[in-house]
Amino acid sequence: MASGIKSLINSAKALYIGNSGSKAELPDLFPVVDKEIDGEDCDRDCSSCIVQYPKSFKIDESDALYGFVKGWSTHILVATGKSDWVRDVADEKGSIMQAISHAKAPSNGRLMVSASNIPTPHQTTSYSEPTTVLVLPAFTIVENVTPATVPTLVSIINDAPTNTSPLGPISIPPSITADLPEPTPAMLKEITTRPSPHRALILLCSQKTRDARCGQSAPLLRKELQRHLAPLGLYRDLDDERPGGVGIYFISHVGGHKYSANVMIYRRKDAFGLDEVELGKLTEEERQRVVPIKAQDGGEDLGAAQCIWLARVKPEDCEGIVKFTVLQGKVVKPQSQLRGGFDRGKGLMSW
């Protein structure tokens with residue numbers, strides 16, 4: 001009886017989510033670790049993990065995950081300097097999130113809006129000051145955004161690549177003047193854009209007002225991810241603008257908190273020059289000589305090639321996620337952790 005009800009629920013979810021016509025089967029979307037290629041320990045949990053979830057931390061382990069993420073075209077992260085928000089971030093008074101909820105929607109598909117702990121330009125959590133927005137998959141930083149200039153932000157989104165756009169050079173003007181009433185100071189009209197310096201981003205839901213587990217898991221996962229990224233020279237804290245590396249941001253609710261922790265990983269194409277390297281076939285000496293790319297290669301900016309959305313992530317998963325998912329675009333536990341995502345190079349997505 002229970003399995004029959006769950007099957008009906010899954011069918012209803014699939015009907016709601018719909019199908020883009022490019023929906024990939026689970027084995028086709030992202031490569032999965034293979035012991036012959038990646039080494040005997042590629043699917044093992046970290047044995048030296050220094051943090052653990054509280055004993056009361058319980059998550060749903062029974063639901064099927066893959067294919068039940070509603071598709072999106074563009075994802076934006078709004079810098080708020082905070083790691084928790086009111087239940088619906090569109091109700092944050094005076095915020096960019098609220099302004100977007102009242103603005104005309106982008107013409108190029110569904111927009112996912114996340115508040116984030118990215119620092120604001122004035123190091124304040126007040127929404128009265130202009131702030132920064134990161135547009136994905138374009139990997140484009142938009143600066144000096146206010147609620148009044150949200151229509152201009154939407155026009156930038158309309159011109160930016162989406163998750164279904166083929167990989168190609170990004171062409172977004174470095175400066176745009178917003179069409180605001182004449183009394184508006186010139187400094188509030190000028191919106192600037194620039195590429196994100198990161199090679200990859202790790203997004204962790206931290207919104208404890210939606211679910212306490214998100215507030216508990218995000219700081220613990222960040223600590224463990226940092227432990228594995230730092231020796232590689234790839235960890236970037238919130239104020240580290242050095243080219244290359246991995247940024248870790250806290251974001252607002254993305255759905256499915258009963259599968260906490262939710263982790264979204266955006267990667268540039270062959271982000272660290274290791275996607276084709278078969279580490280398991282190298283000797284220990286050869287592996288020591290393999291060094292990930294730490295800086296931009298100076299080539300054309302193509303934005304994110306992949307977004308890999310994982311759930312049920314625990315601290316002991318972080319070593320494998322860094323080693324294989326962040327560095328090589330592979331999934332370690334697809335059956336139990338992969339919720340979905342896209343690969344623009346393949347033209348495939350999970351919806």
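Quick one: is Q98 in contact with a helix residue (DSSP H, G or I) (Cβ under 7 Å, 6 or more places away or on another chain), farther than 30 Å from P147 by Cβ and either open to solvent by 30 Å² or more (accessible area, probe 1.4 Å) or touching a residue at least 12 places away in the same chain (Cβ under 8 Å) (or both)? Give the steps one after another, and end with the answer.
On the way: in contact with a helix residue (DSSP H, G or I) (Cβ under 7 Å, 6 or more places away or on another chain): yes; farther than 30 Å from P147 by Cβ: no; either open to solvent by 30 Å² or more (accessible area, probe 1.4 Å) or touching a residue at least 12 places away in the same chain (Cβ under 8 Å) (or both): yes.
Against the criterion (in contact with a helix residue (DSSP H, G or I) (Cβ under 7 Å, 6 or more places away or on another chain), farther than 30 Å from P147 by Cβ and either open to solvent by 30 Å² or more (accessible area, probe 1.4 Å) or touching a residue at least 12 places away in the same chain (Cβ under 8 Å) (or both)), Q98 does not qualify.
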Exercise for review: Residues being over 13 Å from the mean Cα position of the chain (by Cα) and either crowded, with 24+ Cβ neighbours inside 10 Å or in a helix (DSSP H, G or I) (or both): count how many of those fall in segment 246-260.
Suggested key: 4
Check your understanding: Regarding K294, is this residue open to solvent by 50 Å² or more (accessible area, probe 1.4 Å) and among the charged types (D, E, K, R)?
Key -> yes
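Just wondering, is there one or more residues in segment 83-90 that are open to solvent by 20 Å² or more (accessible area, probe 1.4 Å), of a type in the set (A, V, I, L, M, F, W, C) and farther than 30 Å from E276 by Cβ? Quick ask: steps written out before the conclusion?
Here is the first cut: in segment 83-90, the residues open to solvent by 20 Å² or more (accessible area, probe 1.4 Å) are 83-84, 86-88, 90.
Keeping just the survivors that are of a type in the set (A, V, I, L, M, F, W, C) gives 86, 90.
Filter once more, so that each one left must be farther than 30 Å from E276 by Cβ: 86, 90.
Yes, segment 83-90 has at least one match.
How many residues does segment 139-164 hold that are over 21 Å from A103 (Cα atoms) and surrounded by 20 or more Cβ atoms within 10 Å (Cβ to Cβ)?
Within segment 139-164, residues that are over 21 Å from A103 (Cα atoms) and surrounded by 20 or more Cβ atoms within 10 Å (Cβ to Cβ) number 2.
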Exercise for review: Search segment 108-130 for residues that are touching a residue at least 60 places away in the same chain (Cβ under 8 Å) and pair each with any residue that is part of a loop (DSSP other than H, G, I, E, B) when their beta-carbon atoms are under 6 Å apart and the residues are at least 6 apart or on different chains.
Suggested key: M112/W72; S114/S252; A115/T80; A115/W85; A115/S252; N117/S83; P119/G81; P119/L238
Review point. Does I265 fit the bill of being among the β-branched types (V, I, T) and either buried (at least 22 other Cβ atoms within 10 Å of the Cβ) or closer than 27 Å to K70 by Cα (or both)?
Key: yes
Study note, to complete from the structure: Here the qualifying pairs (Cβ atoms under 8 Å; residues six or more apart or on different chains; first in segment 35-52 and farther than 21 Å from L282 by Cα; second surrounded by fewer than 17 Cβ atoms within 10 Å (Cβ to Cβ)) come out as I50/K223; V51/K223
**Study point:** Residue satisfying all of: in segment 165-211; more than 26 Å from the chain's Cα centre (by Cα) and among the polar types (S, T, N, Q); surrounded by the most Cβ atoms within 10 Å (Cβ to Cβ) among these
**Key:** T184
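The values are calculated or read from the model by the stated rules, or taken from the named source; none is laboratory data. This structure is a prediction, so every number in the text was calculated from the model and none was measured. No Cβ is skipped: glycine too gets one built from the backbone with ideal geometry, and neighbour counts run over all protein chains shown. Remember, those area values only see protein heavy atoms, side chains included, never the ligands or the DNA or RNA. Shrake-Rupley method; radii C 1.70, N 1.55, O 1.52, S 1.80 Å.
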